[in-house]
Every structure is written in structure tokens, then in C-alpha cells.
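Take a look at the structure below.
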Amino acid sequence: MANKIEFENVTVKFNKRWLALDNVSFTVQKGDFVFLVGPTGAGKTTVLRLIYGDIMPDQGEVRIDGFPLKKISKARLLELRTKMGIVFQDLMLLDDRSVFENLAFPVRLKGDEDLMRRVVSTLKDVGLTHKSNELVKSLSRGEQQRLALARAMINEPEILLADEPFSNLHKTDIDWLIEKMNNYNELGLTVVLSTHNFEVIPRVPRARVLSIEEGRITLEH
Ligand SMILES: Nc1ncnc2c1ncn2[C@@H]1O[C@H](COP(=O)(O)OP(=O)(O)OP(=O)(O)O)[C@@H](O)[C@H]1O
Ligand SMILES: [Mg+2]
């Protein structure tokens, strides 16, 4: 299970002095759609990295389903991450591999026998079936973003984390992406998404918004 995300008085200092997050507390419930908004350097990526246990707080606790990540074993953390789909700010796709291979890789890691079926259905879901054999570097930015979403979703996560998924996209691609994430959320997926793009917020009427500035939550609704 990976449902409830809790931050309690979380402080992160990079290199022991740069205060990236300052006493941040909030809770994300199962099925929530949360926009993390704030200017560059505010701490959005840091929040997402804490959720998937890539970094640990210097003070305070991050808990998933009540369990503090600081106390989690490496094995249990890897297991927890299989419940999370992550779309990274810089996508982190394998540029010299095909679309198909980029999707098959995370599924194979999980030892899924029905690999082909999963990849085919996920490609269809994001409208990339016709690009299956193309190299990632030949795709448009919008197509790459769809692929990054597909890779995040292929193991059927409970939580989707997306870091600035709308940057460098055309409006039609932004419209498609927010609608897709909205649909996943309606089916029960928890979504935590960072963005500079305020225009997308009204597209998810039930979404919550957490504004972060200089490492502090300045507005929550
Ligand atoms: N590994 C690191 N080492 C040192 N400082 C860091 C590190 N990662 C982030 N920071 C600093 O912490 C602060 C928060 O960074 P973070 O990446 O979370 O911001 P962000 O809100 O995601 O910004 P952006 O909108 O530009 O992606 C920034 O001032 C950043 O320079
Ligand atoms: Mg960032």
C-alpha cells in the first residue's frame, strides 16, 4: 500500500546550510490531486524527492501510510517505489532506445510475464502505438512527455508524482496531459504534480493547491 503521504515539520538543508525546505507540514490523502506551485528554487522538486525517498529530511518526518521513511529499509523502500509512478523534471528516458524498450524495461524489472500485453495497452493508452519502434530521440517533446507518463503508469502505481510535466509543451499537449492525469485521478490514482503553469489548475476542479515559496508553504487550499 502507498496511500497517505504525510510531511510533519520537514526541514531539508543541502550541504548542511542551504535551507531548501523550512518546517513544511501537509498531508495528501488517497485519491487527492495536489498541485505544488511556486517559483523556481521554491522547493517543489525537493518535496517530490522526499516522497519517493530519494532524500531524507534533516528534521521532521515524511511518512507513507504512517511509516517514517527515515526508518525504512532499502528493500522496503524499493518495494514502496513500485507503488509510485514518477515523471521526472528532465524525463530521464533512454534516448538511444526505442519507445517499446523504454516501457519494457521497468516492467521487466518487476518480472511481469505478460510484458507484451502491458506495453501494448499502455502505448495505446497514451496514443503512441504508431511510434513503438522509433528511437526516443526522434520523438517530439510532447511525445516524449507522453512516453514518460506511460513509463510512470505501466506498473499500475497508486501514486503518480510528476515534476513540471507541462514545461516546453504546446497547448494541445498540455491539454491532453492534464486531461489524462485528471482521468487517472478519477479512477482513484493519487496525483502530486509540480508546475509553474497556473492555467492548468482550474482544469481539475477538485484539486488542492499547495503554494511553496522559499521552502515554506504559503498557501494551502
Ligand atoms: N542537490 C542540491 N544541492 C544543493 N542545493 C540544492 C540541491 N537541490 C536543490 N537545491 C536548492 O534547494 C532549493 C530548492 O530546489 P528545488 O529543486 O526543490 O526547487 P524547485 O521548486 O523544484 O525549482 P524549479 O522550479 O527550478 O524546478 C533551491 O534553492 C536549489 O538551488
Ligand atoms: Mg524543480
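The values are calculated or read from the model by the stated rules, or taken from the named source; none is laboratory data. Bear in mind that the values here come from a model prediction, so they are computed numbers and not experimental data. Using ideal geometry, Cβ is built from the backbone for each residue, glycine included, and neighbour counts are taken over all protein chains shown. Side chains included, ligands, DNA and RNA excluded: accessible areas come from the protein's heavy atoms. Shrake-Rupley method; radii C 1.70, N 1.55, O 1.52, S 1.80 Å.
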For the structure I just gave you, tell me whether residue 180 is more than 20 Å from residue 81 (Cβ to Cβ) and in contact with an Asp or Glu (Cβ under 9 Å, 6 or more places away or on another chain). yes
Every pair of residues 6+ apart whose Cβ atoms lie under 8 Å, when the first sits in segment 61-76 and is assigned by TED's automatic domain parsing to the domain that holds residue 46 and touching a residue at least 24 places away in the same chain (Cβ under 8 Å) while the second is open to solvent by 30 Å² or more (accessible area, probe 1.4 Å) and in a helix (DSSP H, G or I): 61/70; 62/70
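Output yes when any residue across segment 33-46 is under 16 Å from the mean Cα position of the chain (by Cα) and modelled with pLDDT under 95, and no when none is.
The answer is no, given that none of the residues of segment 33-46 is under 16 Å from the mean Cα position of the chain (by Cα) and modelled with pLDDT under 95.
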Which condition does residue 59 not pass, out of (1) out of contact with any strand residue (DSSP E or B) (no Cβ under 7 Å at 6 or more places or on another chain); (2) open to solvent by 30 Å² or more (accessible area, probe 1.4 Å); (3) away from ligand 1 (no atom under 13 Å from the Cβ), if it passes all the others? (1)
Take residues that are within 16 Å of ligand 2 (Cβ to nearest atom) and tell me which of the strands (runs of 3 or more DSSP E) falling wholly in segment 1-92 contain 1 or more. 5-14, 18-28, 33-37, 84-87
If we keep only residues of segment 167-191 that are closer than 18 Å to residue 47 by Cβ and open to solvent by less than 10 Å² (accessible area, probe 1.4 Å), then the residue farthest from ligand 2 (Cβ to nearest atom) is 190
Only one of 128, 48 is outside the structural domain of residue 208 (by TED's automatic domain parsing), under 30 Å from residue 199 (Cα atoms) and not hydroxyl-bearing (Ser, Thr, Tyr); which? 128
Counting only residues that are within 18 Å of residue 190 (Cα to Cα) and of a type in the set (Lys, Arg), segment 41-95 contains a total of 5
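Here is a check on your reading of the model: is residue 9 surrounded by fewer than 15 Cβ atoms within 10 Å (Cβ to Cβ), within 9 Å of ligand 1 (Cβ to nearest atom) and more than 16 Å from residue 195 (Cβ to Cβ)?
Spelling it out, it is not the case that residue 9 is surrounded by fewer than 15 Cβ atoms within 10 Å (Cβ to Cβ), within 9 Å of ligand 1 (Cβ to nearest atom) and more than 16 Å from residue 195 (Cβ to Cβ).
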Residue 164: passes all of (1) more than 16 Å from ligand 2 (Cβ to nearest atom); (2) modelled with pLDDT of 95 or more; (3) acidic (Asp, Glu) but (1)
Filter result for residue 151 (charged (D, E, K, R), part of a helix (DSSP H, G or I), touching a residue at least 24 places away in the same chain (Cβ under 8 Å) and in contact with a Pro (Cβ under 8 Å, 6 or more places away or on another chain)): yes
